[in-house]
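Shown next, in structure tokens, is the structure this report addresses.
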Amino acid sequence: MVERGVKSMIRDFFGVVTRKQTYLNLTYLLFSFPLGTAYFIFLVTGLSMGLSLSITLIGIPILLLMLVAWWELASFERQLAIWLLGIDIPPMESRKITNQKMTEKLKGYIKNPVTWKGLVFLFIKFPLGIFTLIVSFTLIALTITLIAIPLIYKTDYVNFGAYQVDSFGVALMVMVGGMLLGITSLHIMNALAKLSGILAYHLLGSTWPTSIDENDYTYIDDVEIEEDIEEESSGTKTEATMETEAEIEEVDDVEAEKDQKA
């Protein structure tokens, strides 16, 4: 039992190198810093301009445009997390809103908690991207340096504290340590990607509403309702209705035959 557990741990440790998800996670983290920086600059500039001009009423349309813009950016981040991190995030809207005026849609955005949680996510993306960049480049640089020790220990002064690498055997040991550090770094990157996925799941997915205003949603097209009313009043039947009735009659005939056999 213990031996099997040890083998499983070893397999999990080294298996990270061959997993496709590892490199999808790295791709996601690679884009975190530039995207987070772009979001931060865009949001700070747009919101500052809108708030400063809101006294003259010019800022109100700017703020509304910013609201729609950060909703779309949050939607993009949600899709990016689904595609690259492989997590299942609920839709940003709990129900699809149709046949609404622009003012009603804006009202729906304002009432939706995901709108504001999405804004928080976009702002968090910036410091998280910086942290990810620092950790990633530090680990990558250190890993590459350790792996390259057998090639540079003779031409460069390499030491670790008071200990100097002065032989090929020691250099090989350091190189193996660098490889192990590289594999450990992949696990650290996966952990950072998992953290980003948790934030995306909780901030970019809808868990509302507890109650629904029926005036905000359209489930049946008005034209279909009018056709049904006209059909009932005139006594005429559409082709779709006749096909449905024929299918029902066919099912009834099959059930009747089964009853007779029984």
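The values are calculated or read from the model by the stated rules, or taken from the named source; none is laboratory data. Being a predicted model, the structure only gives us computed values, none of them experimental. Virtual Cβ from ideal backbone geometry, glycine too; neighbours counted across all protein chains shown.
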Just one of (1) among the aliphatic types (A, V, I, L, M); (2) closer than 30 Å to S136 by Cβ; (3) surrounded by 12 or more Cβ atoms within 10 Å (Cβ to Cβ) trips up L67, so point out which.
(2)
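Residue by residue, here is whether (1) within 30 Å of Q79 (Cβ to Cβ); (2) exposed (fewer than 13 other Cβ atoms within 10 Å of the Cβ); (3) among the aliphatic types (A, V, I, L, M); (4) touching an Asp or Glu at 6+ places or on another chain (Cβ under 7 Å) holds:
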| site | (1), (2), (3), (4) |
| --- | --- |
| I124 | yes, no, yes, no |
| I140 | yes, no, yes, no |
| T143 | no, no, no, no |
| M175 | no, no, yes, no |
| T184 | no, no, no, no |
| M189 | yes, no, yes, no |
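This table checks each residue for (1) within 17 Å of F14 (Cα to Cα); (2) outside the structural domain of P113 (by TED's automatic domain parsing); (3) at pLDDT below 85.
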| residue | (1), (2), (3) |
| --- | --- |
| T143 | yes, no, no |
| A148 | no, no, no |
| F160 | no, no, yes |
| V165 | no, no, yes |
| M179 | yes, no, no |
| G182 | yes, no, no |
| S185 | yes, no, no |
| H202 | no, no, no |
D88, sole failed condition from (1) of a type in the set (D, E, K, R); (2) modelled with pLDDT of 90 or more; (3) in a helix (DSSP H, G or I):
(3)
State which residue pairs qualify: first residue within 17 Å of T103 (Cα to Cα) and inside the stretch 62-81, second residue assigned to a helix (DSSP H, G or I) and among the aromatic types (F, W, Y) in any location, beta carbons under 8 Å apart, and separation of 6 or more residues or different chains.
L67/Y109; V68/Y109; A69/F42; W71/Y109
Do we have any residue at all in the stretch 101-113 that's modelled with pLDDT under 90, farther than 30 Å from L195 by Cβ, of a type outside the set (D, E) and not in a helix (DSSP H, G or I)?
yes
Of the residues S32, S48, which single one is without any contact (Cβ under 8 Å) to a residue 60 or more places away in the chain and assigned to a helix (DSSP H, G or I)?
S48
